[in-house]
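The structure under discussion appears below in the form of structure tokens.
The values are calculated or read from the model by the stated rules, or taken from the named source; none is laboratory data. Remember, it's a predicted structure, so these values are computed and weren't measured experimentally. Cβ placement follows ideal geometry from the backbone for every residue including glycine, while neighbour counts extend to all protein chains displayed.
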Amino acid sequence: MTAYTFLGPGAVHSLDGLPRPPGEWLELPVQVLESERLTEGIDEELWLVEVEDGRTRLVERVAAWDVGAAEDFSWACVRSACAHALGEPSEEDFATLESRVLAALEQTPDDEVLGFAADTFALARGRRPDEWGAPRIEEGAPTAGATAANLGFVVAHVAGRAVQLAGGEYADGFASERARQQAWLVNRVL
């Protein structure tokens, strides 16, 4: 079975802080993900794993998932949140799109989806959601993988709320956004 797992830097599991040595059958657990479920475990490193008789072995690191890919994934998530908030996809750069969202939010400050879209810009900079327009945190900021994981979930929530506020089902919007993110990951890194 072809499967994957996300781990922290140096193949260290983010939850217990213990390393998972590549090539060895592991006694310690890892979250085994099929390629259709990658959004469920985003972290710094993506590993191809071998699963046999309930055991797992790290085979090789997927080089295509790196800091640049995590940042691109985050930006794709921000764009998606903005598309839900503005009602249209946009190819504008980060600063221009952020200005549009903040201007729209000034006009309709009670628009929940616009507020969430504004939050994604702050999150992408390593900031708290309500720190709109603040500069990127340089030291002590969340890692690129942590930011990607956070934005993936937040933007799925944005999509769910957007669909729900339009009269649809929250779960449908959430699932649709997660499917978009999943397709992005598969196309970019596998």
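There is at least one residue in region 21-36 that is touching a strand residue (DSSP E or B) at 6+ places or on another chain (Cβ under 9 Å), part of a helix (DSSP H, G or I) and at pLDDT below 95.
Val163 meets each of the listed conditions (1) buried (at least 17 other Cβ atoms within 10 Å of the Cβ); (2) within 16 Å of the chain's Cα centre (by Cα); (3) closer than 25 Å to Arg37 by Cα apart from (2).
Within region 52-72, residues that are under 17 Å from Gly8 (Cβ atoms) sit with their Cβ atoms under 6 Å from residues that are surrounded by 15 or more Cβ atoms within 10 Å (Cβ to Cβ) and of a type in the set (Phe, Trp, Tyr), at 6+ positions apart or across chains, in these pairs: Leu58/Trp47; Arg61/Trp47. With respect to Glu98, determine if the residue is surrounded by fewer than 16 Cβ atoms within 10 Å (Cβ to Cβ) and assigned by TED's automatic domain parsing to the domain that holds Gly173. Judged against the criteria, Glu98 is not a match.
Going by the structure shown, is Val49 surrounded by fewer than 20 Cβ atoms within 10 Å (Cβ to Cβ) and not assigned by TED's automatic domain parsing to the domain that holds Gln181? Taking the combined requirement at face value, the residue does not satisfy it.
State whether the residues of region 56-66 include one that is crowded, with 16+ Cβ neighbours inside 10 Å, within 15 Å of the chain's Cα centre (by Cα) and modelled with pLDDT of 95 or more. Yes: region 56-66 contains one or more residues that are crowded, with 16+ Cβ neighbours inside 10 Å, within 15 Å of the chain's Cα centre (by Cα) and modelled with pLDDT of 95 or more.
Glu92 - would you say it is outside the structural domain of Arg178 (by TED's automatic domain parsing) and either within 19 Å of Ala159 (Cα to Cα) or charged (D, E, K, R) (or both)? In short, no. Applying the criterion of being touching an Asp or Glu at 6+ places or on another chain (Cβ under 9 Å) and within 16 Å of Ile42 (Cα to Cα) to the residues of region 149-160, the residue that is surrounded by the fewest Cβ atoms within 10 Å (Cβ to Cβ) is Val154.
Taken as a whole, region 132-148 holds no residue that is in contact with a Gly (Cβ under 9 Å, 6 or more places away or on another chain), surrounded by 13 or more Cβ atoms within 10 Å (Cβ to Cβ), over 24 Å from Gly8 (Cβ atoms) and at pLDDT 95 or above.
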